[in-house]
Amino acid sequence: MMGPAHSLSGAAAWLGVGAAVAAAGHPMPWPVLVVGALICAGAALAPDLDHKSATISRAFGPISRALCGIIDKLSHSVYKATRGHGDPRRNGGHRTLTHTWLWAVLIGGGTSALAMTGGRWAVLGILFVHLVLAVEGLLWRAARTSSDVLVWLLGATSAWILAGVLNEPGNGAGWLFSDPGQEYLWLGLPIVLGALVHDIGDALTVSGCPILWPIPIGRKRWYPIGPPKAMRFRAGSWVELKVLMPAFLVLGGLGGLGALEFI
């Protein structure tokens, strides 16, 4: 799928989780609901770090473009080193390493560890990166016509404000993980969810997505998971724009209302 649809699906997924955990007796404070939805919207763009033309490659100028080139080469190298007898030869790394459950878990776990051990500045950095990505995905029309500096300033200002709100007692720094030293451990959860939602979205397209790597399926280690071919669509097609994106908006709204009902 394209960047805006990925971001919408990420935000909707976190709001749905908010409704589910609230019904299960662990309601999210409203800052966790809002911040988590924004982080998840940004994280839902991150698997495309292996694609030089993706939304994320433009988000941070030369830094993100260079990083995309590095991740593409890394992903291609891992693919070549691990491909099974049934996996085709490839010229690049798009939709390989960064589009797997293992990558999602590693990135989310690393983020949680950084947030717990790095203090306020680590939290601010995590928020800044993902809020900039959320702006690029959710407000893509405005972001495309605005200066990158304005988008970065919006991300930095929002990160500063939201970090201060989260740090207030009862506002969610210790949500779900309340033991001393576990503040902000939950920040990795919307990142894992965003990456997995991205992968599921790509699995619905004609190319499928190797979400289960490194688990082999038949003669393939990079098996492109997806529904029957008749149910798949091309990225950017009318199915994505006219059906899925409105559905994500509706589901996200319902999830948000369900989560707020228990707060």
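The values are calculated or read from the model by the stated rules, or taken from the named source; none is laboratory data. Given the structure is predicted, the values throughout are model-derived calculations rather than measurements. Heads up, the Cβs are rebuilt from the backbone with ideal geometry, glycines too, and the neighbour counts pull from every protein chain shown. All accessible areas refer to the heavy atoms of the entire protein, side chains included, with ligands and DNA or RNA removed. Shrake-Rupley method; radii C 1.70, N 1.55, O 1.52, S 1.80 Å.
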Is there any pair linking a residue in region 236-263 that is over 13 Å from Pro29 (Cα atoms) to one that is open to solvent by 90 Å² or more (accessible area, probe 1.4 Å), with Cβ under 9 Å and at least six apart or on different chains, and which?
-> Gly236/Met2; Glu240/Met2; Glu240/Arg234; Leu241/Met2
Can you tell me which residue within region 114-172, out of those that are surrounded by fewer than 15 Cβ atoms within 10 Å (Cβ to Cβ), of a type in the set (Ser, Thr, Tyr) and farther than 15 Å from Gln182 by Cα, is modelled with the lowest pLDDT?
-> Thr145
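Yes/no per residue for (1) free of Cβ contacts under 8 Å to residues at least 40 places away in the same chain; (2) touching a Pro at 6+ places or on another chain (Cβ under 6 Å); (3) under 26 Å from Ser75 (Cα atoms):
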site: Leu97; (1), (2), (3): no, no, yes
site: Trp103; (1), (2), (3): no, no, yes
site: Leu106; (1), (2), (3): yes, no, yes
site: Met116; (1), (2), (3): no, no, no
site: Leu124; (1), (2), (3): yes, no, no
site: Val129; (1), (2), (3): no, no, yes
site: Leu133; (1), (2), (3): no, no, yes
site: Glu136; (1), (2), (3): no, no, yes
site: Leu150; (1), (2), (3): yes, no, no
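Among what's in region 174-194 and is in contact with a Phe, Trp or Tyr (Cβ under 7 Å, 6 or more places away or on another chain) and at pLDDT 85 or above, pick the residue that is farthest from Val17 (Cα to Cα). Give the derivation first.
In the first step, residues of region 174-194 are kept if they are in contact with a Phe, Trp or Tyr (Cβ under 7 Å, 6 or more places away or on another chain); the result is 175-177, 185-186, 190, 193.
Narrowing the set further to residues that are at pLDDT 85 or above leaves 175, 185-186, 190, 193.
Numbers: Trp175: 14, Leu185: 17, Trp186: 13, Pro190: 10, Leu193: 10 Å.
Ranking the candidates gives Leu185 first.
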Before we move on, is Gly10 at pLDDT 95 or above, open to solvent by less than 20 Å² (accessible area, probe 1.4 Å) and farther than 20 Å from Pro246 by Cα?
-> no
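Output yes when any residue across region 83-103 is of a type in the set (Val, Ile, Thr), open to solvent by 40 Å² or more (accessible area, probe 1.4 Å) and modelled with pLDDT of 90 or more, and no when none is. Give the derivation first.
First, the residues of region 83-103 that are of a type in the set (Val, Ile, Thr): 96, 98, 100.
Those still in the list that are open to solvent by 40 Å² or more (accessible area, probe 1.4 Å) too: none.
No, the conditions are met nowhere in region 83-103.
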Collect the residues in region 248-259 that are surrounded by fewer than 19 Cβ atoms within 10 Å (Cβ to Cβ) and over 18 Å from the mean Cα position of the chain (by Cα), keeping them in residue-number order.
-> Val250, Gly253, Leu254, Leu257, Gly258
Does at least one position in region 162-170 carry a residue that is charged (D, E, K, R) and closer than 27 Å to Lys73 by Cβ?
-> no
Among the residues of region 1-34, count how many are in contact with a His (Cβ under 9 Å, 6 or more places away or on another chain) and under 21 Å from Ala163 (Cα atoms).
-> 1
